[in-house]
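Read-outs: derived from the displayed coordinates by stated rules, not from any lab. As the structure is a prediction and not an experimental result, all values here were calculated from the model. Reconstructed Cβ throughout: ideal geometry from the backbone, glycine too, with neighbour counts over all protein chains shown.
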Amino acid sequence: MKRILTIQDISCIGKCSLTAALPILSAMGVETVILPTAVLSSHTAFDDYTFHDLTGEIQKIAEKWREQGVAFDAVYTGYLGSIEQVSIVEELLAEFRTPETCLFVDPVLGDFGRLYSGFSEDFPQHMTRLCRSADVIVPNLTEACRMLGIPYAEKGYQESDIRSILQKLSELGAKQVILTGVSFAESEVGFMGYDASRNQYFSYFHRKFPQQFHGTGDVFASTCVGGLLRGLSLEQAARLAEDFTLESIRATLDAPDARWYGVHYETAFPYLFRRLSSPF
């Protein structure tokens with residue numbers, strides 16, 4: 001069984017970050033080791049929540065793993081709450097990562113052109129540094145533009161624009177890039193990817209829903225890295241992730257209060273199992 005280490009926060013209520021990554025990766029047959037960066041009573045779409053920073057615990061946990069000789073087939077990073085946490089993750093990678101360890105980075109920075117609350121304007125530069133050593137990165141358009149220092153546009157992108165962004169992201173150092181939230185038409189949305197080693201682009205789109213759903217990026221990233229550890233190519237893994245995220249959204253449409261809470265990926269697991277048992 002493959003073993004993955006995922007480093008991100010825990011929102012005790014609400015389906016995102018580790019509370020999405022752990023069940024999805026486990027359901028895909030991947031042993032999932034967690035390293036929480038913070039504990040929140042709920043995710044930040046709630047009106048009020050507690051927040052406990054675990055920066056001081058990360059290295060203590062890692063020290064025990066060193067003593068126990070723990071190793072990982074992949075490391076998957078999500079939300080990192082500070083510049084210090086980015087630096088600590090880089091130190092952990094220097095020790096626990098081998099040439100065979102896949103580093104999968106979801107550079108969580110913001111959405112809709114804005115950084116998430118609590119991030120300083122220079123924070124993207126530090127996340128960019130982490131992405132330089134990654135095998136795969138999966139930014140959305142906001143995150144890509146912030147890391148590259150280019151203007152963000154809500155719409156109007158042409159395929160040539162997205163190819164240029166992907167090329168620039170790969171030049172940061174990542175071997176493979178998936179850019180999410182890509183749309184060339186009002187009625188559809190999806191992703192476009194680039195494999196620098198083969199100089200190949202690929203894309204995948206589906207019908208766009210008018211609603212916005214919380215936590216879908218975490219569902220996508222977790223499924224995608226799980227697919228890679230199951231032996232799928234990046235394009236196959238990303239297609240599976242997009243389809244499972246879409247199926248999770250469909251399962252949520254009849255629950256009007258769930259869109260901000262998190263998608264019902266639990267009820268979409270039978271779909272995921274069927275896809276994993278079918279040849280790609």
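Among LEU234, HIS264, GLN68, whose Cα projects farthest towards the positive end of the dipole of region 3-277, with charges put on the beta-carbon of Lys, Arg (+1) and Asp, Glu (-1)? Comparing the listed Cα positions along the dipole, LEU234 ranks first. Considering helices alone, the calculated mean residue ellipticity of the chain at 222 nm is -12500 deg cm²/dmol, with DSSP H runs of length four and up weighted by -39500 (n - 2.57) and normalised per residue.
At a 10 angstrom cut-off on C-beta neighbours, averaged per residue, how do the peptides 15-21, 89-95 rank from highest to lowest?
Highest mean packing first, the order is 15-21, 89-95.
Our coupling estimate for region 131-139, obtained by passing each phi through the Karplus curve with A = 6.51, B = -1.76, C = 1.60 and θ = phi - 60°, is 5, 4, 9, 7, 7, 9, 10, 10, x Hz, Gly and Pro reported as x. For the chain, the dipole from Cβ point charges (+1 on Lys and Arg, -1 on Asp and Glu) about the Cα centre works out to 700 debye, to the nearest 20.
Here the Karplus relation 6.51 cos²θ - 1.76 cosθ + 1.60, evaluated at θ = phi - 60°, turns the backbone of region 112-119 into coupling constants of 6, x, 10, 6, 5, 4, x, 8 Hz, with x for every Gly and Pro.
Under a 5 Å amide H cut-off, with hydrogens placed 1.01 Å from N, MET192 pairs with LEU179, VAL182 among residues at least 5 apart or on other chains.
Counting every other Cβ atom within 10 Å of each residue's Cβ, THR223, THR142, THR252 order from fewest to most as THR142, THR252, THR223.
Apply the a/c threshold of 1.5 to the C-alpha gyration tensor of region 51-118 and tell me whether it is rounded, prolate or oblate. Before the final figure, lay out the partial values.
Numbers: a/c = 3.02, a/b = 1.53, b/c = 1.97.
Note, shape of region 51-118 comes out oblate.
As a proxy for reagent exposure, ranking THR50, THR128, THR55 by other Cβ atoms within 10 Å from fewest up yields THR50, THR55, THR128. Stokes-Einstein diffusion for the chain, with the hydrodynamic radius set to the Kirkwood value over Cα pairs and evaluated at 20 °C in a medium of 1.002 mPa s, equals 113 µm²/s. Would you be so kind as to identify which of LEU54, MET147, VAL39 lies farthest towards the positive end of the dipole of region 34-173, taking Lys and Arg as +1 and Asp and Glu as -1 on Cβ and the Cα centre as origin? Going by the charge dipole, the pick is MET147.
Backbone phi angles across region 222-236, fed through the Karplus curve with coefficients 6.51, -1.76 and 1.60 (θ = phi - 60°), yield HN-Hα couplings of 5, 5, 5, 5, x, x, 4, 6, 7, x, 7, 6, 4, 4, 4 Hz in residue order; Gly and Pro are listed as x.
The convex hull built on the alpha-carbon positions of region 125-280 has an orientation-averaged projected area of 9.5 nm². Scoring 201-209, 229-237 by mean Cβ neighbours within 10 Å over their residues and listing the highest first yields 229-237, 201-209. Applying the criteria of a DSSP loop state and at most 12 other Cβ atoms within 10 Å to the chymotrypsin sites (Phe, Trp or Tyr not before Pro) of region 82-141 yields PHE112.
In the chain, taking the dipole from charged Cβ atoms about the Cα centre, the farthest positive-side position among ILE162, THR6, GLN85 is held by ILE162. Taking the number of Cβ atoms within 10 Å of each Cβ as an exposure proxy, the fewest-first ranking of ASP106, ASP111 is ASP111, ASP106. For region 143-280, the dipole from Cβ point charges (+1 on Lys and Arg, -1 on Asp and Glu) about the Cα centre works out to 300 debye, to the nearest 20. Taking amide H atoms as placed 1.01 Å from N in the peptide plane, the amide H of ASP111 lies under 5 Å from those of TYR116, each 5 or more residues away in sequence or on another chain.
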